[in-house]
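The values are calculated or read from the model by the stated rules, or taken from the named source; none is laboratory data. Since we're looking at a predicted model, the values are computed, not measured. Here the Cβ positions follow ideal geometry from the backbone for every residue, glycine too, while neighbour counts run over all protein chains shown.
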Amino acid sequence: MVPGSTSISTRRRLGETLLAGYPLVLANPPFRALFLVLLLGGTAFAMAMAYTSVWASETFSIGPRDVAMVFVVSGLAGAICNPLLGLLSDRLGRRRQLIVGQLAVVSLAYLGYTQVADFAVALGLVAFASFSIMGLALAMVDDLVGTMPALEKRDASRIVAAERTAWSIGVILGPVIAAAIVTATGDTQAVFAAAALIQVGTIAVVCMAPGKPTTRPRVPRGDGSAKADPSSPLRPVAVGCLFLAIVLVMLPTQTRTMYLPLFVTTVLGEPPGMVGPLFTVTAVTAVLTMPYVGAAADRFGAQRVLYFGALVGFAYCALQTVSTTYPQILAGQLLVGFGIALWSTAALIYLQQLMSGRAGAVGGLYVAASQVTPLVGGLLLGPIAEVSGIPATFAATAGLCLLALLLLAMAHRALAAR
């Protein structure tokens, strides 16, 4: 053994542990470009979403019910169109061109926000703005991973986790940038113009990104996940069961977003300004822990990490049900932030492993799940909150997290057997 080789190897492993997949992404030009694409895309998306309700209310003088319709249209359109685009990209293999098309359409839709005067036309623009590049961009990441040498594929999950974190960082930065624009200009429409400009810049990054990803089928990676044959047909019922399970695993985040601010202000009697720190703690915790989920998926299997994420969601909702003070709720945000990191990353890696060779479909399903979750939360939990109160919504969500575990096990067994 060469003297000092053990210490060098130890330092390298320590560096990989502390820095997660970031060095792997930043050292590789194609991965680095896609990281920037996801960062810019997440930023523009979050900027627009942060002020969509304000824009709709101010522009059309509508009430909460019509504002809710805006988000329903956005969720339904995205849940339908993004998976179809993913399937189309699997068939055609032109993910880069499809991403450019999505960015162009969304940019025009955002610019339309600044000019539209009719609410029906605005709903059409909202539908076109629901196209999300996250699914296809992550599919391109998966394609690139498939071209890596066999010895480097052990780092695949770390790379995917780091790339997924880029979108989350953008989601944190977006509202901050949007708030600064509104403060400086006093005009919410300026936010959408700026978001459109960022999308145009993202088009330039996509076009100049090096590398030529492939969509050819390959051997699935990972340990503890199903070894699916890419040529075999998917079972629609099993895929539907898996999709519903992922939606339910993500539900604690939506329950918190919808009802925690109301609980803090109306039940605890805290001022509205106390809501912001709760969301900040959640977001920072998620972003700091998300890159390391890839290493956990490599070691324990993405399926097991996803199960653990569902249990964390159950624990958070159960604790929130009995929380009666602001410090208790603040501490709970650390738990849900960790849960977000687990299920948002493990769900993507698990789908990629289970449906190997169908990266576009995986990206579409993943984005659709996040867009359907608000609809499920509103339809299922709204009546519960009205009849039984806000704590009951968290109790119901805890029960649905346990249902998600059962659905995940059933779907995994069915899809692994094909």
Quiz prompt | Pair list, Cβ under 8 Å, 6 or more apart: the range 272-292 residue buried (at least 18 other Cβ atoms within 10 Å of the Cβ), other residue of a type in the set (D, E, K, R) and part of a helix (DSSP H, G or I) | solution = Thr282/Arg256; Met290/Arg164; Pro291/Arg158
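Take Gly357 and decide whether it is farther than 24 Å from Gly41 by Cβ, in contact with a Pro (Cβ under 8 Å, 6 or more places away or on another chain) and outside any helix (DSSP H, G or I).
For Gly357, the condition - farther than 24 Å from Gly41 by Cβ, in contact with a Pro (Cβ under 8 Å, 6 or more places away or on another chain) and outside any helix (DSSP H, G or I) - is met.
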Exercise. Among the residues of the range 240-288, write down those that are over 19 Å from Ala179 (Cα atoms) and in contact with a Pro (Cβ under 7 Å, 6 or more places away or on another chain).
Key: Gln254, Thr265
Quiz item: Going by the structure shown, is Thr373 under 13 Å from Thr255 (Cβ atoms) and either assigned to a helix (DSSP H, G or I) or within 19 Å of the chain's Cα centre (by Cα) (or both)?
Solution: yes
Quiz prompt | Elements of type helices (runs of 4 or more DSSP H) contained in the range 1-102, each with 2 or more residues being modelled with pLDDT under 80 and assigned by TED's automatic domain parsing to the domain that holds Ala139 | solution = 5-19, 29-60, 64-92
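In this structure, is Val247 in contact with an Asp or Glu (Cβ under 6 Å, 6 or more places away or on another chain) and either of a type outside the set (A, V, I, L, M) or assigned by TED's automatic domain parsing to the domain that holds Ala369 (or both)? Walk me through it before giving the result.
Working: in contact with an Asp or Glu (Cβ under 6 Å, 6 or more places away or on another chain): no; either of a type outside the set (A, V, I, L, M) or assigned by TED's automatic domain parsing to the domain that holds Ala369 (or both): yes.
Taking the combined requirement at face value, the residue does not satisfy it.
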Quiz item: Tyr113 versus (1) of a type in the set (Phe, Trp, Tyr); (2) crowded, with 22+ Cβ neighbours inside 10 Å; (3) more than 15 Å from Ala44 (Cα to Cα): which is the lone unmet condition?
Solution: (3)
